[in-house]
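Peer 1: Pasting a structure here, questions to come.
The values are calculated or read from the model by the stated rules, or taken from the named source; none is laboratory data. It should be emphasised that the depicted structure is a prediction, and the values quoted were computed from it without experimental measurement. Glycine gets a Cβ as well: all are built from the backbone with ideal geometry, and neighbour counts include every protein chain shown.
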Amino acid sequence: MSALGLHQLIPPSLLAGRWIAVLVCYLDDSGKDPQNPITTLAGYIARDTGWEAFETDVEKWFDHYKVNTLHAKDLDDTHGEFKGWPVLKKQAFVSRVCQVRAPHLMMGMSMSALKGTYKVRAAESGRKRTITPYTFCMNVIVDWLMRDIRIGGVTNTEGVALVLECGHENNAEAQETFYGIRKQHQLEHLLHSISFISKGSCRAIQLADLLAFYSRREAVAMEKAKRLGRAEPMEPMMRIIAENLPHRGFVATDFGPDVEGLASPILAPRLPLFHRPPPRGRPR
């Protein structure tokens, strides 16, 4: 069964051909998942026509593997539609999906934040209100969209629209912050809109979910390796996802004007392992 597709879910006025569309997916930062110390927001950027072409071209592989909805956690756990799948079949399916991206998408992005440290630094700041790690990660991605050398040129001329997964309890805060940034910096002509759709509704958001799930796992492994003072090899599935398309990834392990984080050497091959985060690294 085919998914509806991004163009059938978002009003045409928000996905005009001249705009750049962003697909971002998240994993829990609500405190309901205490075992996972990191929040990750991740996804891809492309023109709206690129998303339409990707969703059309990738459908044959969903049909071939008889997959209705790609839930990354189900895939990893071998549950649901993926029950009984051997590792090589899962990797082959993901490889096929990711190969379809290359002609149509511009770049993948994954921003992570260490939740416990963020909460401590937020309390130390003495501010009455501090945005959640989820919205913090969104702010950093917006900053990348406007500044990254690979995509900043088009986003600063044609603008960008954000599409996030619906259902998160902090979506209202993210939406308010998005429009607040737009107004404060007079970016109405560039930060066009923010919309929310369900994971099962289109392949674009499912692709973002795939990157978010595995890049958060990579972030957790990197943060642990740093604490233990050892190297941690990237797992095979993340290597497959990172192939054939530029990706930018960052793990914020502390917050303030003079702190460091972790840049994945594979997700961001042109960056050193340790570098300073962007100015918005301080909770607010």
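Peer 1: How many residues are out of contact with any Ser or Thr (no Cβ under 7 Å at 6 or more places or on another chain) and not in a helix (DSSP H, G or I) if we restrict to segment 168-177? Steps first, answer last, please.
Peer 2: Of the residues in segment 168-177, the ones out of contact with any Ser or Thr (no Cβ under 7 Å at 6 or more places or on another chain) are 168, 171-172, 175-176.
If we keep only those that are not in a helix (DSSP H, G or I) as well, we get 168.
Counting residues in segment 168-177 that are out of contact with any Ser or Thr (no Cβ under 7 Å at 6 or more places or on another chain) and not in a helix (DSSP H, G or I) gives 1.
Peer 1: Would you point out the residue of segment 234-267, among those that are at pLDDT 75 or above and out of contact with any helix residue (DSSP H, G or I) (no Cβ under 9 Å at 6 or more places or on another chain), that is nearest to I141 (Cα to Cα)?
Peer 2: Restricting to residues being at pLDDT 75 or above and out of contact with any helix residue (DSSP H, G or I) (no Cβ under 9 Å at 6 or more places or on another chain), the top hit is P246.
Peer 1: Still on this structure: Does segment 55-70 hold any residues that are more than 22 Å from the chain's Cα centre (by Cα) and not in a loop (DSSP other than H, G, I, E, B), and which are they?
Peer 2: Within segment 55-70, K60, W61, D63, H64 qualify.
Peer 1: Kindly indicate whether T155 is at pLDDT 90 or above, part of a helix (DSSP H, G or I), crowded, with 19+ Cβ neighbours inside 10 Å and among the hydroxyl-bearing types (S, T, Y).
Peer 2: no
Peer 1: List pairs: first residue in segment 199-221 and at negative phi, second residue surrounded by fewer than 24 Cβ atoms within 10 Å (Cβ to Cβ) and among the polar types (S, T, N, Q) anywhere in the structure, Cβ distance under 6 angstrom, at least six positions apart or on different chains.
Peer 2: G200/T69
Peer 1: If a residue must be without any contact (Cβ under 8 Å) to a residue 40 or more places away in the chain and assigned to a helix (DSSP H, G or I), how many such residues does segment 76-99 contain? If you could, list the steps in order and put the result at the bottom.
Peer 2: First pass over segment 76-99, keeping only residues without any contact (Cβ under 8 Å) to a residue 40 or more places away in the chain: 77-89, 92-93, 96.
With assigned to a helix (DSSP H, G or I) added as a condition, the list becomes 77, 80-82, 87-89, 92-93, 96.
Residues flagged as without any contact (Cβ under 8 Å) to a residue 40 or more places away in the chain and assigned to a helix (DSSP H, G or I) within segment 76-99 amount to 10.
Peer 1: Kindly indicate which of V140, V97 is within 19 Å of I205 (Cβ to Cβ), of a type in the set (V, I, T) and buried (at least 17 other Cβ atoms within 10 Å of the Cβ). Full working, then the answer.
Peer 2: Values: V140 fails: within 19 Å of I205 (Cβ to Cβ).
After applying the criteria, what remains is V97.
Peer 1: Here are some residues: F82, F93. Which one is of a type outside the set (D, E), more than 30 Å from F178 (Cα to Cα), modelled with pLDDT of 95 or more and in contact with a Leu (Cβ under 6 Å, 6 or more places away or on another chain)?
Peer 2: On the way: F93 fails: in contact with a Leu (Cβ under 6 Å, 6 or more places away or on another chain).
It is F82.
Peer 1: Looking for something outside any loop (DSSP other than H, G, I, E, B), without any contact (Cβ under 8 Å) to a residue 40 or more places away in the chain and over 27 Å from A3 (Cβ atoms) - is there at least one such residue anywhere in segment 188-198?
Peer 2: no
Peer 1: Now for a different question. Name the residues in segment 200-225 that are basic (K, R) and surrounded by fewer than 18 Cβ atoms within 10 Å (Cβ to Cβ), would you?
Peer 2: Within segment 200-225, just K224 meets the criteria.
Peer 1: Any residue at all in segment 177-190 that's surrounded by 18 or more Cβ atoms within 10 Å (Cβ to Cβ) and within 17 Å of the chain's Cα centre (by Cα)?
Peer 2: yes
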